[in-house]
Amino acid sequence: MPQTTVLIGFAEAMAAPEVTWSLADAGFRVVAFARRGKASALRHSRYVESHEVTAPESDINASLSELSALMSLLESQAAGAQLVLFPLDDKAVWLCSKIELNSSWLLAGPQGTRADLALNKYMQVEAARNAGFNVPQSALIRTAHDLFAFCAGASYPIILKQNECVPIVEGRVFSCRKWICANRAELERAIAEWKERVPLLAQSFITGVGEGVFGLAAPEGVRAWSGHRRVRMMNPQGSGSSACISQPVSPEARQNAETLITKAGWSGLFMIELLRDESGKIWFVELNGRPWGSMALCRHQGLEYPAWHVNLALDKHSKAGNVKSSDSRILCRHAGREFMHVLFVLRGARSNALNRWPSFWKTIADVLHFRREDGLYNWRSNDKKVFWADFYYTIHDNVFKSRN
């Protein structure tokens with residue numbers, strides 16, 4: 001049988017190296033699409049063939065057209081082999097859901113109403129509420145008037161974030177920062193920066209520890225349940241984790257997650273981000289319909305979600321991922337993000353709502369304490385350039401973004 005080709009992207013996605021290794025180890029040929037001119041750790045891997053397309057942040061239509069052209073090129077080279085399109089980040093989910101696929105291609109990712117759910121935070125909040133999750137007080141905000149009305153019925157602090165994962169403004173993907181507002185003055189500063197350019201999701205701001213629930217949705221139900229808890233976030237104000245530890249999925253979270261996934265008609269891998277507050281209450285944060293940043297932790301547990309996801313797309317009757325739920329305890333760290341965590345702690349909080357900022361010297365001690373059994377993101381002994389490139393680009397990109 002000809003070797004199945006899996007086209008993944010964008011190459012800059014945090015999980016891209018781990019996804020590539022999972023697919024390559026399962027016998028797939030891996031090809032990646034990358035943002036033109038954008039450096040990434042995956043470009044240094046010996047396991048992938050990379051092609052560039054226009055970044056959707058520059059021109060969404062050009063990005064879509066060039067991705068389609070790349071797919072046609074791979075189809076002409078396939079010699080009858082099956083081709084699979086596998087989006088790795090939210091922009092790629094949007095692009096891949098818009099491409100019309102012929103019989104040579106399968107999409108290993110959400111499409112139709114599932115893509116809408118994956119890319120719209122307010123839809124996720126409503127779906128989570130209906131599935132039984134605890135959800136912070138939330139509102140879809142389009143104008144400053146809407147925001148002031150929300151604040152009249154909600155106590156500070158609040159958090160504001162763009163509602164659409166891929167908002168398009170003037171033919172380009174637009175991104176805006178998150179704001180945490182502890183009072184009216186901070187809210188007005190956020191409004192001045194926002195300028196009503198994209199809809200926002202406004203929510204009561206809850207502090208706690210981030211957790212994740214992972215699984216593989218198959219026709220008969222969810223397989224390969226696993227979970228993690230954040231040990232440290234890269235930015236204590238709110239970001240992806242720099243260190244996380246695996247943990248069993250609680251019965252409550254599992255029941256609600258399965259209800260949400262079943263009602264959505266989901267297929268393949270998923271990640272549900274949660275927050276456990278100081279009282280132990282679990283709150284829904286968001287649903288990720290593509291590979292997540294801590295994929296390295298899952299693979300350290302023997303959970304090959306990317307390969308299973310593709311196998312399930314190829315054959316819905318596949319037994320991929322039909323394994324016992326994981327209850328192991330493994331700590332995994334991202335070297336570049338750990339370094340950035342120290343810098344963020346040193347910089348200090350940017351809102352009065354963040355009244356429990358980590359101690360600098362305790363942070364140094366925690367980051368430098370490394371056990372032999374701890375795992376590292378994006379480390380593979382026969383593909384070491386990926387790890388060192390990832391370390392460098394993580395620091396470079398975040399410091400550059402901070403300066404801007």
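For segment 254-269, the criterion of a residue being buried (at least 24 other Cβ atoms within 10 Å of the Cβ) and of a type outside the set (A, V, I, L, M) is satisfied by at least one position. Each residue in segment 123-135 was checked for being buried (at least 18 other Cβ atoms within 10 Å of the Cβ) and touching a Ser or Thr at 6+ places or on another chain (Cβ under 7 Å), and 2 of them qualify. Taking Ser318, is it within 28 Å of Gly9 (Cβ to Cβ), of a type in the set (Ser, Thr, Tyr) and out of contact with any strand residue (DSSP E or B) (no Cβ under 6 Å at 6 or more places or on another chain)? In short, yes.
Against the numbered list (1) at pLDDT below 90; (2) among the polar types (S, T, N, Q); (3) under 27 Å from Leu83 (Cα atoms), Ser326 comes up short only at (3). The number of residues in segment 11-39 being touching a Pro at 6+ places or on another chain (Cβ under 7 Å) and surrounded by fewer than 21 Cβ atoms within 10 Å (Cβ to Cβ) comes to 0.
Are there strands (runs of 3 or more DSSP E) fully within segment 150-222 with at least 2 residues that are farther than 16 Å from Lys121 by Cβ and under 19 Å from the mean Cα position of the chain (by Cα)? List them. Because the criterion is at least 2 residues that are farther than 16 Å from Lys121 by Cβ and under 19 Å from the mean Cα position of the chain (by Cα), the strands (runs of 3 or more DSSP E) in segment 150-222 that meet it are 209-218. Just a yes or no: is a residue in segment 251-263 in contact (Cβ under 8 Å) with a residue 24 or more places away in the chain, closer than 20 Å to Cys165 by Cα and assigned to a helix (DSSP H, G or I)? Yes, some residue in segment 251-263 is in contact (Cβ under 8 Å) with a residue 24 or more places away in the chain, closer than 20 Å to Cys165 by Cα and assigned to a helix (DSSP H, G or I).
You will find that of Val53, Val48, Val31, the residue that is in contact with an Asp or Glu (Cβ under 6 Å, 6 or more places away or on another chain) and farther than 24 Å from Cys165 by Cβ is Val31 and no other.
Quick one: would you say Val209 is within 28 Å of Ala257 (Cα to Cα) and surrounded by fewer than 14 Cβ atoms within 10 Å (Cβ to Cβ)? When the stated conditions are applied, Val209 passes them.
Would you point out which residue out of Val323, Val310, Val342, Val285 is among the aliphatic types (A, V, I, L, M) and in contact with an Asp or Glu (Cβ under 7 Å, 6 or more places away or on another chain)?
On the way: Val323 fails: in contact with an Asp or Glu (Cβ under 7 Å, 6 or more places away or on another chain); Val310 fails: in contact with an Asp or Glu (Cβ under 7 Å, 6 or more places away or on another chain); Val342 fails: in contact with an Asp or Glu (Cβ under 7 Å, 6 or more places away or on another chain).
It is Val285.
Of the candidates Ser381, Ser359, the single residue that is among the hydroxyl-bearing types (Ser, Thr, Tyr), modelled with pLDDT of 85 or more and over 20 Å from the mean Cα position of the chain (by Cα) is Ser381.
The values are calculated or read from the model by the stated rules, or taken from the named source; none is laboratory data. Treat the numbers as computed from the prediction; the structure is a model and nothing was measured. Glycine also receives a Cβ, built like all others from the backbone with ideal geometry; neighbour counts cover every protein chain displayed.
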